[in-house]
Amino acid sequence: MAQKRAKNLDDAGIKQIVEILDGWSGKLTWELLIDAIELRMHSRYTRQTLHKHERIYNAFELRKKGIADGDGEIRTVRSPELQKSLERIARLEVENKRLESENEKLLEQFVRWAYNAHTRGLDNNFLNQPLPPVNRGQTKK
(Lines give C-alpha, C1' and ligand atoms only; values in the text may rest on other atoms or scores of the structure.)
Protein backbone atom coordinates (compact mmCIF):
# COMPACT_ATOMS: atom_id res chain seq x y z
CA MET A 1 0.00 0.00 0.00
CA ALA A 2 1.37 3.42 -0.96
CA GLN A 3 2.10 5.84 1.82
CA LYS A 4 -0.26 8.82 2.14
CA ARG A 5 1.24 12.08 0.91
CA ALA A 6 2.19 14.51 3.69
CA LYS A 7 0.36 17.83 3.76
CA ASN A 8 2.14 20.82 2.27
CA LEU A 9 4.43 22.65 4.65
CA ASP A 10 3.02 25.98 5.79
CA ASP A 11 4.63 28.60 8.04
CA ALA A 12 3.44 26.81 11.18
CA GLY A 13 4.92 23.51 10.00
CA ILE A 14 8.21 25.13 9.08
CA LYS A 15 8.31 26.78 12.52
CA GLN A 16 7.75 23.40 14.21
CA ILE A 17 10.58 21.81 12.21
CA VAL A 18 12.95 24.67 13.01
CA GLU A 19 12.05 24.26 16.71
CA ILE A 20 12.89 20.56 16.46
CA LEU A 21 16.29 21.57 15.11
CA ASP A 22 16.77 24.16 17.86
CA GLY A 23 16.44 21.42 20.47
CA TRP A 24 18.56 18.88 18.61
CA SER A 25 21.52 17.26 20.30
CA GLY A 26 23.65 14.40 19.07
CA LYS A 27 24.17 13.21 15.53
CA LEU A 28 22.11 15.11 12.94
CA THR A 29 21.27 13.78 9.49
CA TRP A 30 18.38 14.48 7.16
CA GLU A 31 17.03 10.95 7.77
CA LEU A 32 17.13 11.38 11.56
CA LEU A 33 15.40 14.76 11.21
CA ILE A 34 12.72 13.23 8.95
CA ASP A 35 12.07 10.54 11.58
CA ALA A 36 11.84 13.14 14.37
CA ILE A 37 9.42 15.24 12.30
CA GLU A 38 7.26 12.19 11.66
CA LEU A 39 7.13 11.44 15.40
CA ARG A 40 6.16 14.99 16.33
CA MET A 41 4.04 16.10 13.37
CA HIS A 42 2.71 12.74 12.12
CA SER A 43 3.79 13.59 8.57
CA ARG A 44 6.76 12.20 6.68
CA TYR A 45 8.56 14.62 4.38
CA THR A 46 11.43 13.92 2.00
CA ARG A 47 14.86 15.45 2.31
CA GLN A 48 14.20 17.31 -0.94
CA THR A 49 11.01 18.85 0.45
CA LEU A 50 12.74 20.00 3.62
CA HIS A 51 15.83 21.18 1.74
CA LYS A 52 13.86 23.49 -0.56
CA HIS A 53 12.54 25.55 2.38
CA GLU A 54 15.27 28.09 3.10
CA ARG A 55 14.49 28.48 6.83
CA ILE A 56 14.68 24.71 7.36
CA TYR A 57 17.83 24.32 5.28
CA ASN A 58 19.59 27.20 7.04
CA ALA A 59 18.49 25.98 10.49
CA PHE A 60 19.73 22.47 9.62
CA GLU A 61 23.13 23.71 8.41
CA LEU A 62 23.53 26.05 11.40
CA ARG A 63 22.61 23.31 13.88
CA LYS A 64 24.91 20.79 12.16
CA LYS A 65 27.77 23.28 12.41
CA GLY A 66 26.86 24.07 16.02
CA ILE A 67 26.93 20.39 16.95
CA ALA A 68 30.35 20.01 15.32
CA ASP A 69 31.59 23.06 17.27
CA GLY A 70 30.13 21.75 20.53
CA ASP A 71 27.37 24.39 20.82
CA GLY A 72 24.36 23.38 22.87
CA GLU A 73 26.13 20.59 24.72
CA ILE A 74 24.48 20.02 28.06
CA ARG A 75 26.42 18.84 31.06
CA THR A 76 24.69 16.35 33.33
CA VAL A 77 23.86 17.25 36.93
CA ARG A 78 22.01 15.32 39.64
CA SER A 79 19.29 17.85 40.35
CA PRO A 80 16.36 17.33 37.91
CA GLU A 81 15.34 20.98 38.23
CA LEU A 82 18.85 22.20 37.44
CA GLN A 83 19.13 19.70 34.57
CA LYS A 84 15.89 20.96 33.06
CA SER A 85 17.11 24.56 33.40
CA LEU A 86 20.44 23.72 31.72
CA GLU A 87 18.59 22.06 28.84
CA ARG A 88 16.34 25.10 28.44
CA ILE A 89 19.31 27.47 28.45
CA ALA A 90 21.11 25.36 25.83
CA ARG A 91 18.00 25.31 23.64
CA LEU A 92 17.50 29.07 23.96
CA GLU A 93 21.15 29.72 23.07
CA VAL A 94 20.78 27.62 19.91
CA GLU A 95 17.50 29.37 19.03
CA ASN A 96 19.14 32.75 19.59
CA LYS A 97 21.98 31.89 17.18
CA ARG A 98 19.47 30.74 14.56
CA LEU A 99 17.40 33.91 14.93
CA GLU A 100 20.53 36.07 14.63
CA SER A 101 21.41 34.23 11.42
CA GLU A 102 17.88 34.66 10.03
CA ASN A 103 17.94 38.36 10.94
CA GLU A 104 21.30 38.82 9.20
CA LYS A 105 19.93 37.20 6.03
CA LEU A 106 16.85 39.46 6.13
CA LEU A 107 19.05 42.54 6.52
CA GLU A 108 21.13 41.43 3.51
CA GLN A 109 17.90 40.98 1.54
CA PHE A 110 16.72 44.45 2.58
CA VAL A 111 19.99 46.03 1.43
CA ARG A 112 19.68 44.21 -1.91
CA TRP A 113 16.09 45.40 -2.32
CA ALA A 114 17.03 48.98 -1.35
CA TYR A 115 19.83 49.00 -3.92
CA ASN A 116 17.56 47.60 -6.65
CA ALA A 117 14.83 50.14 -5.78
CA HIS A 118 17.42 52.95 -5.95
CA THR A 119 18.65 51.82 -9.39
CA ARG A 120 15.02 51.94 -10.60
CA GLY A 121 14.65 55.50 -9.32
CA LEU A 122 12.26 54.64 -6.51
CA ASP A 123 12.64 57.04 -3.58
CA ASN A 124 11.81 56.64 0.11
CA ASN A 125 8.49 58.47 -0.25
CA PHE A 126 7.32 55.96 -2.86
CA LEU A 127 8.63 52.94 -0.95
CA ASN A 128 7.09 54.05 2.37
CA GLN A 129 3.55 54.56 1.04
CA PRO A 130 1.02 52.74 3.21
CA LEU A 131 -0.58 49.60 1.88
CA PRO A 132 -4.06 50.00 0.43
CA PRO A 133 -6.85 49.10 2.87
CA VAL A 134 -8.14 45.56 2.70
CA ASN A 135 -11.73 45.29 1.57
CA ARG A 136 -13.25 42.75 3.92
CA GLY A 137 -16.81 43.30 2.71
CA GLN A 138 -18.83 40.46 1.33
CA THR A 139 -18.49 39.63 -2.30
CA LYS A 140 -21.46 40.32 -4.51
CA LYS A 141 -23.15 37.29 -5.99
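Do you know which residues across region 62-101 are among the charged types (D, E, K, R) and exposed (fewer than 13 other Cβ atoms within 10 Å of the Cβ)?
Passing the criteria: Lys65, Asp69, Glu73, Arg75, Arg78, Glu81, Lys84, Arg88, Glu100.
Which ones in region 112-141 are surrounded by 10 or more Cβ atoms within 10 Å (Cβ to Cβ) and of a type in the set (A, V, I, L, M, F, W, C)?
Of everything in region 112-141, those that are surrounded by 10 or more Cβ atoms within 10 Å (Cβ to Cβ) and of a type in the set (A, V, I, L, M, F, W, C) turn out to be Trp113, Ala114, Ala117, Leu122, Phe126, Leu127.
Just give me the residues in region 3-43 being closer than 19 Å to Asn58 by Cβ, free of Cβ contacts under 8 Å to residues at least 12 places away in the same chain and of a type in the set (A, V, I, L, M), in sequence order.
Scanning region 3-43 gives Ala12, Leu32.
Among the candidates Leu62, Leu82, which residue alone is farther than 16 Å from Asp22 by Cα and modelled with pLDDT of 90 or more?
Numbers: Leu62 fails: farther than 16 Å from Asp22 by Cα.
After ruling out the rest, the residue left standing is Leu82.
Filter region 51-60 down to residues that are in contact with a Leu (Cβ under 7 Å, 6 or more places away or on another chain), of a type outside the set (Val, Ile, Thr) and in contact (Cβ under 8 Å) with a residue 40 or more places away in the chain and give me whichever is farthest from Ile89 (Cα to Cα).
His53
Would you mind telling me which numbered condition in (1) of a type in the set (Gly, Ala, Ser); (2) assigned to a helix (DSSP H, G or I); (3) more than 17 Å from Gly13 (Cα to Cα) Gly121 fails?
The one condition Gly121 does not meet is (2).
The values are calculated or read from the model by the stated rules, or taken from the named source; none is laboratory data. No experiment lies behind these values; they were computed from the predicted model shown. Don't worry about glycine lacking a Cβ; one is built from the backbone with ideal geometry, like all the others, and counts go over all protein chains shown.
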